[in-house]
Amino acid sequence: MFLIAKNLNKFRTFISKSLNRVLIGFAIIFLLFIGNPSLAIAQTDATQLAKAVAEIENLDAMRSGLASTLKDSTTEPTVQTFKEVCQPVGMRAMQLSKENGWQVKQIAKKYRNPAHKPDNLPAQMALAKFDRDSELMGFWDRETIAGESGTRYYRRINVESSCLACHGDKNSRPQFIKDKYPQDLAYNFKIGDLRGMYSVFIPDVQAALLNSHTGES
Ligand code: HEC
């Protein structure tokens, strides 16, 4: 009986000691983050990330909208209307980069514009990840690009029926595409295929700078 009680006591002190250790551990981690701004900056910036996610949703909706008006049009599409789907997306991506200090890109394995080929290993891996998992809509990672650390957000782009006018059968592509993109790889897609992805790189320094302007932390 005494033995059991003694062991029980030992057990109790063991438990309370371990609990204390865990609590102290948490307290240290907490203090490190609160007390050290450089550590906090090294974390993903939620405000900037949320903004990037929202902007990319707008960008994607813009393309879908433009493509669907083209599809529903009863008049024969002219070269001009054909040009007005994915080029504005590229232009808006550039504008977003400028406005926010981000690097906004479209990336595809089968690209039409060579500027859109995967730019580094993490981008290749992100494409492979989207390819493997058709349910995966987006994710972010920590990356260092050209010596700068930051957060990189990736968002998948799927093929819709309205895209096939220009990304469908190789031979039925509009003439302007055949002329302007002799090395085009972005055809023979089917509805639901992975077309590519958007990528937004948010450098840590930029995120801190923008937040100090807007007064957010
Ligand atoms: C009117 C023709 C047309 C339609 C319709 C169209 N695209 Fe494109 N797409 C293009 C052209 C032209 C480019 C190359 C633009 C450039 O040089 O930046 C392109 C480029 C892209 C890119 C950039 C990667 C690359 O290959 O260069 C993506 C992603 C893309 N299209 C997705 C789509 C999706 C998704 C749809 C349907 C919602 C769609 N496109 C509908 C003509 C079209």
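Give the residue list of GluC sites (Glu not before Pro) in segment 130-217 that are DSSP loop and have at most 15 other beta-carbon atoms within 10 angstrom.
Here the GluC sites (Glu not before Pro) that fit, given the DSSP loop and packing criteria, are Glu135, Glu216.
Return the sequence-ordered ³J(HN,Hα) values of segment 201-209 in whole Hz as given by the Karplus equation 6.51 cos²θ - 1.76 cosθ + 1.60 applied to θ = phi - 60°, using x for Gly and Pro.
Along segment 201-209, the couplings run 9, 10, x, 4, 4, 5, 4, 5, 5 Hz.
Explain nothing, just the number: relative contact order of segment 44-214, from Cα pairs under 8 Å at least 6 residues apart, as a whole percent. Spell out each step's value before the answer.
Numbers: 231 pairs, mean separation 49.0, N = 171.
Rounded, it is 29 percent for segment 44-214.
Mind checking segment 114-217 for trypsin sites (Lys or Arg not before Pro) that DSSP puts in a loop (not H, G, I, E or B) and that have at most 11 other Cβ atoms within 10 Å?
Working: sites: Lys129, Arg132, Arg142, Arg152, Arg155, Arg156, Lys170, Lys178, Lys180, Lys190, Arg195; in loops: Lys190.
Counting only loop positions with at most 11 other Cβ atoms within 10 Å, the trypsin sites (Lys or Arg not before Pro) in segment 114-217 are Lys190.
Please compute the net charge surrounding Met62, taking Lys and Arg as +1 and Asp and Glu as -1 over other residues with Cβ under 13 Å from its Cβ.
Net local charge, Met62 excluded: -2.
Could you please report the charge total around Ser149, scoring K, R as +1 and D, E as -1 over all other residues with beta-carbon less than 12 angstrom from its beta-carbon?
Taking every Cβ under 12 Å from that of Ser149, the sum is -3.
Could you name the aspartates and glutamates in cross-link range of Lys117, using Cα to Cα under 15 Å and dropping any fewer than eight places away on the same chain?
Straight-line reach from Lys117, under 15 Å: Asp184.
With θ set to phi - 60° and the Karplus curve 6.51 cos²θ - 1.76 cosθ + 1.60, what are the ³J(HN,Hα) couplings of segment 143-156 in order, to the nearest whole Hz, using x for Gly and Pro?
9, 10, 10, 6, x, 9, 8, x, 10, 10, 9, 10, 9, 6
The numbers here are math on the coordinates, done by the rules we state, and not lab data. Everything numeric in this text was worked out from a predicted model, so none of it was measured. Virtual Cβ from ideal backbone geometry, glycine too; neighbours counted across all protein chains shown.
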